[in-house]
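Novice: For reference, the structure I am asking about is given below.
Derivation of every value follows stated rules applied to the coordinates shown; laboratory data play no part. Note that the structure is a prediction, hence the values are computed from the model and not measured. All Cβ positions, even for glycine, are placed from backbone atoms using ideal geometry, and neighbour counts span all protein chains on display.
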């Protein structure tokens, strides 16, 4: 993959009337009515299959580091209206100016929820809970700098332009020296965080199994075969993948607060979730 100019690194390049599976578009590119492929950009249909998503990520990290920018990884799918809404908004002013000045952007296709595990786990996160999932990465340290509030983009279509600009400008202003030189947590805090990480990994493993069940029915549904789709299954997985990150974040906040208060031998109460319908059969 040859990287010439980059503001938005993606798996698509506009060619003629269609989209070829290559690599890049930038936020400042011509998106006028006469621009080839303009419809795909307007509609946010920029999540295209990749032959090697991990190579795409490596190239994007290298480019972000070389250009002294943050890397914005957007994991989503063209069938997801929230994914499309965010992708299209990145090309609109005034947000496109912020993105163009501060970020390299990689759109990564998660398929019908059967893809994306290798990419997100390589960034130290066990699972993506939503489409889209937004990850802002410091390309030098490899740390995800929006770890605590990355989940809010699950409802991207409902987030306005002003809030979008504020969000990405906030992280553009991050002091990366602080991120790169962050002190290690105390032994007490590390011990509790390890327990929380293990809890989240258990939920992630369970969610990947759920994604494997959803993937074929979601694909069939999007191809017009609605008889194969179970709304009950979709809803119970949706509720679970919305609840788990909220619970994990609450556990982390509790851990930090109790350690800061001087507590020792902290015992957390971990949530217990009901079985999925197929688990209880």
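Novice: According to the Kirkwood expression over distinct Cα-Cα pairs, how big is the hydrodynamic radius of segment 162-281, in Å?
Specialist: 17.8 Å
Novice: Along the principal axes of its C-alpha atoms, what lengths does segment 93-132 span, in descending order and rounded to whole Å?
Specialist: Result for segment 93-132: principal-axis Cα extents of 33, 21, 14 Å.
Novice: Can you give the calculated 222 nm mean residue ellipticity of the chain, where each DSSP H run of n ≥ 4 adds -39,500 (n - 2.57) and the sum is split over every residue, rounded to the nearest 500 deg cm²/dmol?
Specialist: Details: 9 runs with 126 residues, N = 281.
Calculated at 222 nm, the ellipticity per residue is -14500 deg cm²/dmol.
Novice: Quick one: check the C-alpha center-to-center distance for segment 189-210 versus segment 46-77, whole angstrom.
Specialist: Spelled out, the Cα-based centre of one part sits 26 Å from the other.
Novice: Can you put 158, 202, 233, 269 in order, fewest other beta carbons within 10 Å first? Before the final figure, lay out the partial values.
Specialist: Details: 158 10, 202 13, 233 17, 269 7.
By the 10 Å Cβ count, ascending: 269, 158, 202, 233.
Novice: For the chain, what relative contact order do you get, as a whole percent, if you take Cα pairs closer than 8 Å and at least 6 residues apart?
Specialist: Working: 399 pairs, mean separation 44.0, N = 281.
Answer for the chain is 16 percent.
Novice: For segment 124-196, compute Rg over Rh where Rg is the Cα radius of gyration and Rh is the Kirkwood radius from the inverse mean 1/r over Cα pairs.
Specialist: Numbers: Rg = 14.4 Å, Rh = 14.2 Å.
In segment 124-196, Rg relative to Rh is 1.02.
Novice: Here is a further query. Any idea what % of Cα-Cα pairs in the chain are farther than 23 Å? Spell out each step's value before the answer.
Specialist: Details: 22396 of 39340 pairs.
Tail fraction, whole percent: 57.
Novice: Using the alpha carbons of segment 37-94, what is the convex hull volume per residue in cubic angstrom, as a whole number?
Specialist: 104 Å³
Novice: For the ranges 41-47, 259-265, what's the packing order if you count other beta-carbon atoms within 10 Å of each residue, average per peptide, and put the highest first? Don't skip to the end; give the middle numbers.
Specialist: Working: 41-47: 21.7, 259-265: 10.3.
Order by mean packing, descending: 41-47, 259-265.
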